[in-house]
1. Testing Pro132 on (1) open to solvent by less than 10 Å² (accessible area, probe 1.4 Å); (2) closer than 25 Å to Leu345 by Cα; (3) part of a loop (DSSP other than H, G, I, E, B), one condition comes back false. Which one is that?
2. Buried (at least 17 other Cβ atoms within 10 Å of the Cβ), of a type in the set (A, V, I, L, M), within 28 Å of Ala433 (Cα to Cα) and over 20 Å from the mean Cα position of the chain (by Cα) - does that describe any residue in segment 318-335?
3. Pull out all pairs, ordered by first then second residue, where Cβ-Cβ is under 9 Å, the residues are six or more apart or on different chains, the first lies in segment 81-93 and is assigned by TED's automatic domain parsing to the domain that holds Glu343 and open to solvent by 30 Å² or more (accessible area, probe 1.4 Å), and the second is of a type in the set (A, V, I, L, M, F, W, C) and assigned to a loop (DSSP other than H, G, I, E, B).
4. Would you be able to say whether some residue in segment 139-162 is among the β-branched types (Val, Ile, Thr), in contact with a helix residue (DSSP H, G or I) (Cβ under 9 Å, 6 or more places away or on another chain) and assigned by TED's automatic domain parsing to the domain that holds Gly295?
5. Condition test on Ala356, is it in a loop (DSSP other than H, G, I, E, B) and at negative phi?
6. All but one of (1) outside any helix (DSSP H, G or I); (2) open to solvent by 10 Å² or more (accessible area, probe 1.4 Å); (3) of a type in the set (Gly, Ala, Ser); (4) touching a residue at least 12 places away in the same chain (Cβ under 8 Å) hold for Ser420; state the number of the condition that does not hold.
7. Show me the helices (runs of 4 or more DSSP H) entirely contained within segment 143-238 in which 3 or more residues are crowded, with 22+ Cβ neighbours inside 10 Å.
8. Filter segment 243-293 down to the residues that are among the hydroxyl-bearing types (Ser, Thr, Tyr) and in a loop (DSSP other than H, G, I, E, B), then identify the one that is surrounded by the most Cβ atoms within 10 Å (Cβ to Cβ).
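The values are calculated or read from the model by the stated rules, or taken from the named source; none is laboratory data. For clarity, every value in this text was computed on a predicted model and none was experimentally measured. All Cβ positions, glycine included, derive from the backbone under ideal geometry; neighbour counts span all protein chains shown. What goes into the accessible areas is simple: the full protein's heavy atoms, side chains included, and nothing from ligands, DNA or RNA. Shrake-Rupley method; radii C 1.70, N 1.55, O 1.52, S 1.80 Å.
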Amino acid sequence: MGNKPLKTLALVLAGALTLGLAACGNANNNSNSGAASSNGGSSSTASDKKVTITFQNIQPDPTTPSYKTLHDLVDSYMKEHPNVKIELDTLNTDQQKLKLKTQAASKEVPDITIVNPAAQMQPFVDAGLLAPLNDMLDQNGLKDTYQAGLLDNYTFDGNVYAVPDGNNIEVVYYNKDLFQQAGISQVPTTFDELLADVKALKAKGITPIAIGEKDTWTGSFLFMNILLRTNGGPGFLKDVVDGKRTFEDPAFVEAVDRFQDLVQAGAFPEGATSIDANAGGNLFKTGQAAMFIIGTWETGAIDSSSVGSQVGAFRFPTVDGKGDLNEFMLAPGSAFAVSANSEHLQETKDFLNYFAVNYPKKQFEYKNAVGLGQKVDGDLKSAGYSDLAMEVASMFNDIKGGDLSFDNTMNPAVSQAHLSSIQNLFVQKVDSATVAKEHQTAFEANK
């Protein structure tokens, strides 16, 4: 696939994802914020020109810190630049992916849109739809705010085409009160223990694991944790791409079997495929489900929910004795990209520079700096971050590596076949060899 960034990610995260529990030494952050606030970028010559910038985003939930951060920064920029109007096109993740695909086909990408790293964004880059952002990153010291190596996942042929909102790992959040109600005294470290806990919760009438599988990435993310374990470590999909293995390999077949064990045990809410990701997450955040297996970007939203004080987190367990608890599903964040065909290219870059320079400071204020892709100028503990935030942040220090999600590794056609195949497992039990063959057939047809 010619996708260079994938090769470096595990090494980068293993060494660089420390999240600045103490002051990270980025003394320029505050002065950068001031520079961006006063300059708003470099285009002061057109200050009286009326400009409308369309900002496609994936923050539909007003209760979350990320929503508040986005709206605060948009509002403050418009106050400082009365000639600029930022129009928000707000969607959930799957809606946005689908809409962008349609917009890209007609070369009508919004001024700012959301892309995902590596394989997912490559088709947009190859089609010439995204503007290089190297010049924007040089404004106001923005480039230096990102963790070392993170921008590589959004870089093609030496050009950076998007700036990420985070750098996350997938963990298991759990409700301590609900665990106690089901008689569970400690978190599971093996998959068999996890299954036993699912059954104990189910017996008490508690939904064991929250999910919204109408948005198909959610089930895939969970499945990939299991594959990371049954494979004994990262790299299965890379081996498939490199022709060293096939999807009919025992590691993949076993992962399908174990995933189906969860489904058959009643781990997920009834009608999971008709619940979207936001509604699925809200089952956990309102105390209706005991676990939520998701990226650490949810930490702030969980903290600010009604169950926040009852929530802890643990690493995804080993499966049949395989895997390392400190290898994670890695999730370099969704990222902000600029349309190469924007009618207001410079003004759009100026706004995005302001937004990105001020983003870590604002997220820090909203207690949402865990899993941020930018360096944080401040100490989480002294800023009053919760026990949950500190617990999750400590996991970042132990990362030994891991895998990217399926759809950040495989091309879109193979990814779509995978997402549909996994979604189907929520509806009916399927022979695991058949699922493996479906994947292999899709891979061979779309090399």
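1. (1) is the only condition that Pro132 fails.
2. Yes, segment 318-335 contains at least one residue that is buried (at least 17 other Cβ atoms within 10 Å of the Cβ), of a type in the set (A, V, I, L, M), within 28 Å of Ala433 (Cα to Cα) and over 20 Å from the mean Cα position of the chain (by Cα).
3. Pairs that qualify, where the first residue is assigned by TED's automatic domain parsing to the domain that holds Glu343 and open to solvent by 30 Å² or more (accessible area, probe 1.4 Å) and the partner is of a type in the set (A, V, I, L, M, F, W, C) and assigned to a loop (DSSP other than H, G, I, E, B), are Thr90/Ile58; Thr93/Ile58.
4. The initial filter retains those residues of segment 139-162 that are among the β-branched types (Val, Ile, Thr), namely 145, 155, 160.
Keeping just the survivors that are in contact with a helix residue (DSSP H, G or I) (Cβ under 9 Å, 6 or more places away or on another chain) gives 145, 155, 160.
Among the residues that remain, those that are also assigned by TED's automatic domain parsing to the domain that holds Gly295 are: none.
No, there is no match, as no residue in segment 139-162 is among the β-branched types (Val, Ile, Thr), in contact with a helix residue (DSSP H, G or I) (Cβ under 9 Å, 6 or more places away or on another chain) and assigned by TED's automatic domain parsing to the domain that holds Gly295.
5. Working: in a loop (DSSP other than H, G, I, E, B): no; at negative phi: yes.
Answer is no for this residue.
6. Condition not satisfied by Ser420: (1).
7. Numbers: elements: 176-181, 191-203, 217-230.
Where helices (runs of 4 or more DSSP H) fall fully within segment 143-238 and carry at least 3 residues being crowded, with 22+ Cβ neighbours inside 10 Å, they are 191-203, 217-230.
8. Step one: filter segment 243-293 for residues among the hydroxyl-bearing types (Ser, Thr, Tyr), giving 246, 273-274, 286.
Next cut, in a loop (DSSP other than H, G, I, E, B) only: 246, 286.
Numbers: Thr246: 15, Thr286: 12.
Among them, the one singled out is Thr246.
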